1. Once you list every other residue whose beta carbon is under 11 Å from the beta carbon of Gly67, what net charge do they have if Lys and Arg are +1 and Asp and Glu are -1?
2. For the chain, which chymotrypsin sites (Phe, Trp or Tyr not before Pro) are both in a DSSP coil and crowded by at most 11 other Cβ atoms within 10 Å?
3. Per-residue accessible area for Asp44 at 1.4 Å probe radius, Å² rounded to 10?
4. Can you compute log10 of I(q)/I(0) for the chain with the Debye formula, treating each Cα as one identical point scatterer, at q = 0.24 Å⁻¹?
5. Pull out the extension gain between Arg48 and Lys26, defined as 0.36 nm times the separation in residues minus the alpha carbon to alpha carbon distance; nm, one decimal.
6. State in Å² the accessible area per residue of the chain; use a 1.4 Å probe, count heavy atoms of protein chains only, and round to the nearest integer.
7. How many percent of the accessible area of the chain is carbon or sulfur, using a 1.4 Å probe?
8. Once amide H atoms are placed 1.01 Å from N in the peptide plane, what residues at a sequence separation of 5 or more from Leu54, or on another chain, have their amide H within under 5 Å of its amide H?
Amino acid sequence: SSRSISAAEAQVQGTLAGYAGSGAVKGYKFNLAPNGCEFCRAADALFRGRTVPLDSPLFERGTSLRGADGGTLSMDYKDTIVPIHPNCRCSVGAVLA
């Protein structure tokens, strides 16, 4: 079964495809949006300073993320890079080889 994707997801997929095609990028990093929500702040704490391989999601399908304020976000329907949740403003950035 296929699932439609948001414009934000499509933009990130295109960005990562461009990174992969460049030959100059070894991975990506998570960029926290200003005033990020509890889940985005938790993701930032997990991934700050880490390089994620281009072919890997931040969170695999079935992952639960405990938010900085104690909430829980379940990513039970897909592998997740960004957006982490609806209305997420976070992004990814290139890590050069």
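1. Working: positive: Arg41, Arg66; negative: Glu38, Asp69.
Net charge in that neighbourhood comes out at 0.
2. Numbers: sites: Tyr19, Tyr28, Phe30, Phe39, Phe47, Phe59, Tyr77; in loops: Tyr77.
The qualifying sites are Tyr77.
3. 20 Å²
4. The Cα Debye sum returns log10 ratios of -1.39.
5. Working: separation 22, 0.36 × 22 = 7.92 nm, distance 1.64 nm.
Value of the extension gain: 6.3 nm.
6. Numbers: 5750 Å² over 97 residues.
For the chain, the solvent-accessible area averages 59 Å² per residue.
7. On the way: 2790 of 5750 Å².
Whole-percent figure for carbon plus sulfur exposure: 49.
8. Under 5 Å from the amide H of Leu54 lie the amide H atoms of Tyr28, each far enough along the sequence or on another chain.
The values are calculated or read from the model by the stated rules, or taken from the named source; none is laboratory data. A quick note: this is a predicted structure, and the numbers were derived from the prediction, not measured. All Cβ positions, even for glycine, are placed from backbone atoms using ideal geometry, and neighbour counts span all protein chains on display. All accessible areas refer to the heavy atoms of the entire protein, side chains included, with ligands and DNA or RNA removed. Shrake-Rupley method; radii C 1.70, N 1.55, O 1.52, S 1.80 Å.
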